[in-house]
Amino acid sequence: MVVLHRRLQSAFFSWGWLLPTVLPIAQVLGRAVFSILIVSYFLWGSISLYGRKKNVERPLLGLFVALLLAFLMSVPGAEDVARAWHKWLKFLVYSMSFVFTLVALQQGQDNFERLCRTLAGMGIGLIGVLYLHLAYVLWTSAEFTPAQQLKEDNLPFLLPFLLYGLQWVEGRKYRLFLGGALLLSVLFYVVLSEGRAALLALMVALVLYGVLVVGWRLRTLLLPGTVAAIALIGMVTVVHVEAPAKEKETWTDIVDRISSGRTALWRQAFVYPPESVVTGVGMGNARYAEEALTISEGQQVRHFHNLFVDAWYETGLLGLVAMTGWLVFILTRAWRDWRKSTAEDRRQIGLLLSASAAILTAAQLGPSYASSLVSVYLMVLLAGLTVFHGKIQQTFLEPASQ
């Protein structure tokens with residue numbers, strides 16, 4: 001048993017910890033493939049952690065445990081307790097990607113580069129799979145409904161890694177050609193999908209990548225980036241809106257129409273709040289709040305399409321504070337690390353920040369706090385930022401100790 005455990009542990013920290021990079025492709029292949037991989041990753045990683053040297057700072061560990069406990073507090077008062085338990089266990093399985101990635105990155109200095117290379121490679125693979133899936137949908141479906149049939153959510157956060165990976169391509173002309181091809185293929189697919197959350201996330205990722213990684217000035221990119229974002233989102237809105245606009249619209253009506261009713265949902269969350277604002281209605285139980293989630297006659301959605309509104313409604317103030325504190329703690333110190341780090345570290349921290357910003361931007365309009373985008377992929381990125389923080393702190397302490 002000891003020998004088997006050592007072999008499993010060695011294999012996990014050799015390559016198994018990179019399994020989350022495969023999950024975006026697995027999501028396109030089907031829910032069953034994704035579930036098998038993520039559960040295998042969780043069990044394998046949990047076994048491999050036993051007896052492995054771990055260096056997790058106490059404040060960060062405390063925030064992570066507080067996040068899990070805050071979400072757990074919403075379970076007992078839920079209308080559907082079984083569903084709430086299932087959602088909490090699912091979040092636990094997903095979010096352990098933070099711990100596994102953190103420990104794995106601490107095992108070797110070259111592991112971060114391996115992570116970047118793998119994400120870039122899987123990003124190229126995802127583009128290929130998505131276009132094959134698009135061809136299959138067009139060939140087999142009688143009616144093409146992009147918003148339902150296309151799967152664009154993971155492209156924005158992978159794009160920075162695709163662009164970063166170009167540094168390993170020899171020849172400047174080849175890098176420019178490949179970079180243009182990758183950018184156009186991602187942009188075309190996202191626009192075709194009519195996903196405004198993904199489109200906005202893509203623009204944020206590109207702007208921040210240019211500023212934080214390439215070194216362009218923000219004011220240089222802000223105006224053209226804003227114009228491009230408004231133009232593209234407006235184009236998608238015109239294509240997507242099915243009903244004609246009212247003759248006399250208020251600003252609220254216009255915003256509701258552009259956001260496909262999301263802003264109306266957010267207002268209704270406060271008009272029809274959960275019975276317990278402290279612990280919420282329970283994870284996964286927002287769908288039972290029919291009054292709050294109905295945006296028009298006969299049209300009801302399952303959640304509020306906003307990371308923080310969903311977290312508050314389902315897990316209450318406890319969950320909202322825990323989630324906000326978790327994100328603010330890691331991201332604010334990562335920003336400070338970026339400002340005071342050396343050129344190479346700055347580029348790598350900027351890469352992680354631009355990808356994280358893409359996820360958080362999309363999560364304000366679509367994916368919930370318990371989605372794979374937030375609870376798996378963002379956790380992997382936050383683990384990377386945590387490792388860089390430790391590296392930078394050690395760099396600043398060494399001269400003082402000497």
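General remarks:
- The residue pairs whose first member lies in segment 300-312 and is closer than 9 Å to Leu265 by Cα and part of a loop (DSSP other than H, G, I, E, B), whose second member is at pLDDT below 90 and open to solvent by 30 Å² or more (accessible area, probe 1.4 Å), and whose beta carbons are closer than 6 Å, counting only pairs six or more residues apart or on different chains, are His305/Arg262.
One line per residue, one yes/no per condition, for (1) modelled with pLDDT under 95; (2) under 29 Å from Leu199 (Cβ atoms):
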{"position": "Phe304", "(1), (2)": "yes, yes"}
{"position": "Tyr313", "(1), (2)": "no, yes"}
{"position": "Gly325", "(1), (2)": "no, no"}
{"position": "Ile359", "(1), (2)": "no, yes"}
{"position": "Leu381", "(1), (2)": "no, yes"}
{"position": "Gly390", "(1), (2)": "yes, no"}
{"position": "Thr395", "(1), (2)": "yes, no"}
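- Residue selected from segment 1-44 under the condition of a type in the set (A, V, I, L, M) and touching a residue at least 60 places away in the same chain (Cβ under 8 Å), by the criterion most open to solvent (accessible area, probe 1.4 Å): Leu29
- Residues in segment 171-208 that are of a type in the set (Gly, Ala, Ser) and surrounded by fewer than 22 Cβ atoms within 10 Å (Cβ to Cβ) were compared, and the one that is nearest to the chain's Cα centre (by Cα) is Ser185.
- Qualifying position, being without any contact (Cβ under 8 Å) to a residue 24 or more places away in the chain and either surrounded by 13 or more Cβ atoms within 10 Å (Cβ to Cβ) or β-branched (Val, Ile, Thr) (or both), among Thr145, Thr118, Thr101: Thr145
- Cβ-Cβ contacts under 8 Å between residues 6 or more apart (or on different chains), taken from a first residue in segment 252-267 that is touching a residue at least 12 places away in the same chain (Cβ under 8 Å) and within 16 Å of Leu200 (Cα to Cα) to a second residue that is in a helix (DSSP H, G or I) and hydrophobic (A, V, I, L, M, F, W, C), are listed as Ile258/Ile233.
- Count of segment 269-293 residues which are open to solvent by 40 Å² or more (accessible area, probe 1.4 Å), of a type outside the set (D, E, K, R) and over 25 Å from Leu68 (Cα atoms): 2
- The single residue among Ile330, Ile392, Ile359 that is within 20 Å of Leu159 (Cα to Cα) and not acidic (Asp, Glu) turns out to be Ile359.
- Search result, residues across segment 61-117 that are polar (S, T, N, Q) and within 19 Å of the chain's Cα centre (by Cα): Ser95, Ser97, Thr101
- Scanning segment 319-366 for residues that are open to solvent by 10 Å² or more (accessible area, probe 1.4 Å), within 22 Å of Leu162 (Cα to Cα), touching a helix residue (DSSP H, G or I) at 6+ places or on another chain (Cβ under 6 Å) and not charged (D, E, K, R) yields a count of 4.
The values are calculated or read from the model by the stated rules, or taken from the named source; none is laboratory data. Everything quoted here is computed from the prediction, not taken from an experiment. Neighbour counts run over all protein chains shown; Cβ positions are idealised from the backbone, glycine included. Calculation scope for accessible area: heavy atoms of the full protein, side chains included, ligands and nucleic acids excluded. Shrake-Rupley method; radii C 1.70, N 1.55, O 1.52, S 1.80 Å.
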